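The block underneath contains the structure these notes are about, expressed in structure tokens.
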């Protein structure tokens, strides 16, 4: 064997076994700031799980998540695929003008119907109060012209129309689609994150006001402040291309006299205002809105005017609702928010015990078609 081949083989073995040793001695990480998600932990062994294949599946995910220098390898993979001309990485498309757009796949029809029927059952159980449903299209649908040519993504509008056609006539359906489409030349979605921007949430609020029955404030009724110009969100974390430009995060403050206070029920914590600016120093800057995900949140507002000033609104939601609250909170004396992924109590009992006047169910289209916790509305 030539000396050069021996050196190459030796370096390869050192790399392989060195990585094995480092993986073995390195402590497991719980959360990835770069990817903004919890990492897989070492699974507990059982012969039953081994036989079923569940143990090996979990162990493979654990090894993948906990490999040393993971952030480097994820970024390296993305760079190599970009050099090869690939426009998709981890179900995220590299679109025009720096937009990273999440792939929307054909929904599971059974789950979709379950979620639609769950909202219908929820309304049947709460006949005396208005219930509205808002299914928000994602950037992949509204900004289709930003997708790379031939990008395989399913028709979101067809799904939203299907939901509208099959939801009970007693449920107020919020038409967020057309309101956002009219403004699709504006910065209504983040380029590096799956959420809508504060501006997009404002237009969503305008659409919701028509179903909820109040007059929305004009955009000029708010003072705007840029909170950050260095936001890298969820789609960036999946795609992991270091050459992508960051987003800015913006706050809207009402010019009218109103005060807001956040109360986290499980944590028994209170905070003044709806923006948690301490999160601007973290990777997940979207958590500046309401402090991120919590099972149960109360927003108490001091307002002196408006059609809903004496009403309590319950919002059953995903995180798209968070950046819309600075707008809705100017109309209701209280807005309660439940995240069904974490809130496990009976929702119908909650409505009675807390004297809720109205309900808004708010999800983005991707989550409404995939979230298995929505079925709890029918219980």
Legend entry - Volume of the Cα convex hull of the range 137-191, divided per residue and given in Å³: 81 Å³
Inset, instruction - Report, for the range 104-378, the % of DSSP beta bridges that are antiparallel, rounded to 5. - result: 55 percent
Legend entry - Kirkwood hydrodynamic radius of the range 95-205, Cα pairs, Å: 15.2 Å
Inset, instruction - Please work out how much length the chain gains when fully extended from residue 281 to residue 56, using 0.36 nm per residue of separation minus the C-alpha to C-alpha distance, in nm with one decimal. - result: 77.2 nm
Legend entry - Dimensionless Rg ratio for the range 184-292, taking C-alpha atoms and the 2.2 N^0.38 Å reference: 1.17
Inset, instruction - Can you tell me the FRET efficiency between residue 162 and residue 129 if r is taken as the Cβ-Cβ distance and R0 is 30 Å, rounded to the nearest 0.05? - result: 0.70
Legend entry - Inter-part distance where the range 220-281 and the range 179-204 are each reduced to a Cα centre, Å: 15 Å
Inset, instruction - Kindly rank 366-378, 117-129, 322-334 from highest to lowest mean number of other beta carbons found within 10 Å of each residue. - result: 322-334, 366-378, 117-129
Inset, instruction - Could you please state, rounded to a whole Å, how far the C-alpha centre of the range 116-143 is from the C-alpha centre of the range 333-379? - result: 10 Å
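Would you kindly state how much longer the chain becomes between residue 91 and residue 178 on full extension, computed as 0.36 nm times their sequence separation minus their alpha carbon distance, in nm to one decimal? Write down the numbers at each step before the final one.
Numbers: separation 87, 0.36 × 87 = 31.32 nm, distance 2.58 nm.
Here the segment from residue 91 to residue 178 would lengthen by 28.7 nm.
Tell me, what is the FRET efficiency for residue 44 and residue 293 to the nearest 0.05, using R0 = 25 angstrom and their Cβ-Cβ distance as r?
Working: r = 26 Å, r/R0 = 1.05.
Here the calculated transfer efficiency is 0.45.
Determine, from the Cβ-Cβ distance of residue 225 and residue 341 and an R0 of 30 Å, the FRET efficiency 1/(1 + (r/R0)^6), rounded to the nearest 0.05.
Values: r = 30 Å, r/R0 = 1.01.
Once rounded, the FRET efficiency stands at 0.50.
Return the Rg/Rh ratio of the range 104-378 with Cα-based radii and a Kirkwood Rh.
0.94
Take the alpha carbon gyration tensor of the range 236-379, find the square roots of its eigenvalues, order them as a ≥ b ≥ c, and report rounded if a/c is under 1.5; if not, report prolate when a/b exceeds b/c, else oblate. Before the final figure, lay out the partial values.
Working: a/c = 1.93, a/b = 1.20, b/c = 1.61.
Oblate shape, in that a/c is at least 1.5 and b/c is the bigger or equal ratio.
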Legend entry - Rough spin-label spacing in nm, given labels placed 7 Å along Cα→Cβ, for residue 264 and residue 243: 4.0 nm
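Coordinate-derived values only; no laboratory data. Since the model is a prediction, treat every value here as computed from it, not as a measurement. Glycine also receives a Cβ, built like all others from the backbone with ideal geometry; neighbour counts cover every protein chain displayed.
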